[in-house]
Amino acid sequence: MIEEYVKMSYRNIFRRKKRTALTVIGIFIGISAVVSLVSLGQGLETSIEKEFESIGADKIFINPGGSFQGGGGGSQSSVKLDNQDLTTIRSVRGISRAEGTVFMNTGVSVGEQSTFLPIIGMPTGGNQDLVMESWAMEIGDGRMIRETDRSNVVIGSIVAEQTFEDELGIRSNININNEKHRVVGILEPTGDPSIDTAILLPIEHSRQLMNRDETYDWIFAETDDGFTPPEVTEDIERAMRRQRGLQEGEETFTVSTQQDLVDSFSGILDVVSGVVIGIASISLFVGAVGIMNTMYTSVSQRTREIGVMKAIGAKNEQILTLFLLESGTIGFLGGLTGLIFGVSLSWIASLGASQFAELTIRPYLGTELLLGSLIFSTVLGILSGVLPAKRAAGLEPAQALRYE
């Protein structure tokens with residue numbers, strides 16, 4: 001009997017192909033938007049987590065300001081970090097080493113072309129690798145800057161390949177703040193635009209070039225074996241409050257761990273995802289109304305058919321089941337086409353991000369997402385068909401047979 005119901009429902013649906021296709025569109029748009037967004041959002045979150053895992057779980061990040069400000073950029077806070085802060089951090093129990101950097105923007109030119117780019121003042125001593133690990137920097141070509149490199153620089157991958165008309169390579173000349181410098185190294189792409197578009201100089205030279213005082217925009221610290229970043233973070237906060245004469249809650253600095261940064265990015269992604277899914281839900285609601293309208297129209301057009309079915313012994317439950325199968329099938333078809341399109345869209349978007357933003361994103365295609373989308377669209381179709389199905393099941397056979 002169920003097999004016959006399925007055959008009849010499919011026959012009735014495909015008898016009106018254009019109307020079915022138009023009805024499916026509302027569900028299709030909503031499901032494709034939700035699937036592509038969730039897939040890309042989860043993929044981006046996983047990519048971010050992997051990036052921070054490559055940095056290492058033992059890193060701690062300190063920057064000025066009362067809250068984490070993200071990215072590689074410097075803080076706009078009027079209260080800066082200084083050498084006394086760096087000394088305080090290094091003295092905290094559980095810290096193996098710490099180092100500071102500066103982050104500024106200035107005019108940069110190559111030939112007749114000029115633009116503004118970030119300048120990162122890097123330490124040149126034994127702790128240089130700490131900063132490189134914390135910012136996921138790796139040399140792709142040439143070498144890293146040294147203490148003696150007053151006129152030598154290392155450039156990010158975007159600066160080398162895209163910023164200027166001609167690609168820059170080792171020994172290319174570049175003017176920074178009207179001073180000539182030579183490229184001695186090029187970084188591998190990091191996926192962070194503030195690093196990939198930056199120019200690295202020795203920290204002392206960058207301060208002289210930009211007329212900068214002895215302050216830092218970032219301080220990076222590394223914990224000793226046997227200490228966890230969260231417990232050391234609390235000790236750093238206490239030590240810096242004591243050194244600056246501040247009460248708890250009055251901090252003019254932020255101390256973050258890898259997990260704090262991941263949570264910060266994830267929170268932003270969750271908000272964006274929630275807003276877009278909310279918008280996509282409007283399309284699903286419109287699709288549900290479309291299915292209901294289609295089923296009501298189908299009941300009106302098939303009133304005599306329903307009367308014949310009842311006259312030869314069809315029960316109300318059988319009529320109800322038949323129409324619910326039809327509405328559920330329409331929902332399923334909308335979900336299936338939306339799922340295929342959404343998965344395709346997420347892969348295209350991830351390839352575009354990898355190509356143009358140099359950010360590797362692998363879309364998340366878990367079973368719960370794929371099956372959940374199909375089940376949701378099918379259930380939505382069934383629920384949309386409940387009222388029309390009840391109307392069909394409640395028709396009196398005699399009246400239905402006389403219907404014109």
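The values are calculated or read from the model by the stated rules, or taken from the named source; none is laboratory data. In this text, all values refer to a predicted model and were calculated from it rather than measured experimentally. A quick note on method: Cβ atoms are made from the backbone with ideal geometry, for glycine too, and the neighbour counts reach across all protein chains shown.
Listing for the model above:
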read-out: Positions within the stretch 131-151 being out of contact with any helix residue (DSSP H, G or I) (no Cβ under 8 Å at 6 or more places or on another chain) and surrounded by 20 or more Cβ atoms within 10 Å (Cβ to Cβ), in sequence order; value: V131, I145
read-out: Subset of the stretch 163-195 (residues that are among the polar types (S, T, N, Q) and surrounded by 14 or more Cβ atoms within 10 Å (Cβ to Cβ)); value: T163, S172, N175, N177, T190, S194
read-out: Selected residue (only one of A288, A280, A239 is small (G, A, S) and within 19 Å of Y216 (Cβ to Cβ)); value: A239
read-out: The stretch 147-174 residues that are hydroxyl-bearing (S, T, Y), paired with ones that are modelled with pLDDT of 90 or more (beta carbon under 6 Å, 6 or more apart); value: S151/H181; S157/L187; S157/D196; S172/V183
read-out: Condition check for V299: in contact with a Pro (Cβ under 7 Å, 6 or more places away or on another chain), over 30 Å from G94 (Cα atoms) and either at pLDDT below 85 or among the hydroxyl-bearing types (S, T, Y) (or both); value: yes
read-out: Residue ranges of helices (runs of 4 or more DSSP H) in the stretch 1-92 with at least 3 members at pLDDT 80 or above; value: 17-55, 83-91
read-out: Boolean, G331 is out of contact with any Cys (no Cβ under 9 Å at 6 or more places or on another chain), in a helix (DSSP H, G or I), at pLDDT 85 or above and among the small types (G, A, S); value: yes
read-out: Some residue of the stretch 114-134 being assigned by TED's automatic domain parsing to the domain that holds S172, under 31 Å from the mean Cα position of the chain (by Cα), of a type in the set (D, E) and more than 16 Å from H205 (Cβ to Cβ); value: yes
read-out: Pair list, Cβ under 8 Å, 6 or more apart: the stretch 299-323 residue more than 17 Å from K7 (Cβ to Cβ) and outside the structural domain of L380 (by TED's automatic domain parsing), other residue modelled with pLDDT under 75 and surrounded by 14 or more Cβ atoms within 10 Å (Cβ to Cβ); value: none
